[in-house]
Amino acid sequence: MCGRGYPIPRPNCSKRAGGKTRRAGHTLRSMSASQPLPLLLASSSPRRRELLARAGLHFEVRPAQIDEAPLPRETPSALVARLADAKALDVARQTGTTPARVVLGADTIVVLDDCVLGKPVSEAHAEEMLGRLMGRTHRVITGVAIARSDTLELWRASVESRVSMRMADREEIRAYVASGESQDKAGAYAVQGEGRRFIERIEGSETNVIGLPLDETLELLRAAGVAVHLP
């Protein structure tokens, strides 16, 4: 039973060292441009803002306004890919063609067994989610989409990480939820905060678990025409 999660069939992802990544759309070729294009982030997530700022990028925040409900029998990978595309294109269309801009959209979900765990709607819901995750290994999947506002061309990636959590009793879970950190977090925890104490192991991209797979995102941004300095 999924409880308050969404029932979905299991996906079939191609494997990449250090996690799982799928790409569609354009190959990673750089766009020829006389000037680097300005970047818009189609998300209000403070975690994504922090990650992009840490990478030295300058950007403007313009959250997308879309319906994020899953479609019937939609797989986790299909869900995050569709929502990332929709967020990037929503802002790109509103932005217009002159001057051209690059828009970054992303969507992150937590998947346990056959259920997508979204953001908790209450403290009781957060405690329920965390109780299900403790002592188990779950998947974190992020879809990333980059859209140019002048052409609506898309560059895409999908990254999966696996997170193993230790056991925790009800009192410890309740104390963590009471801290307020569970709010607005897929799966009701933050790997970059106090939720770290529950985590035994992360397989794959840790920035993906935070909310944006940084290496893959920087590759896409550079291909779309944003000034990015890759190591």
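For the range 6-224, with the dipole built from +1 on Lys and Arg beta-carbon atoms and -1 on Asp and Glu ones, taken about the Cα centre, which of C115, M129, T98 lies farthest toward the positive end?
T98
Using Cα centres only, tell me the gap between the range 117-162 and the range 173-231 in whole Å.
9 Å
Charges only on Cβ, +1 for Lys and Arg, -1 for Asp and Glu: so what's the dipole of the range 6-224 about the Cα centre, in debye to the nearest 20?
The calculation lands at about 640 debye.
Report the extension gain between E194 and A69 in nm, rounded to one decimal, defined as 0.36 nm multiplied by the number of residues separating them, less their alpha carbon distance.
This chain segment gains 42.1 nm when fully extended.
How would you order 84-95, 157-168 from highest to lowest mean count of nearby Cβ atoms within 10 Å?
84-95, 157-168
Using the Kirkwood radius built from alpha carbon pairs, what does the Stokes-Einstein equation give as D for the range 6-224 at 25 °C and 0.890 mPa s, in µm² per second?
Rounded to a whole number, D works out at 138 µm²/s.
Would you mind computing, in nm to one decimal, how far apart the modelled labels at E153 and E203 are, each placed 7 Å from Cα along Cα→Cβ?
About 3.7 nm, to one decimal.
Could you give the nm distance between label points at D184 and R54, where each point is 7 Å from its Cα heading toward the beta carbon?
Placing both labels 7 Å along Cα→Cβ, they lie 1.8 nm apart.
What's the local net charge at I173, with K and R +1, D and E -1, over the other residues with C-beta under 10 Å away?
Within the 10 Å Cβ shell, the charges total -3.
Any read-out appearing in this document is the output of simple, stated calculations on the displayed coordinates, not a laboratory observation. None of these values were measured; they are calculated from a predicted model. Positions of Cβ are backbone-derived with ideal geometry, glycine not excepted, and every protein chain shown enters the neighbour counts.
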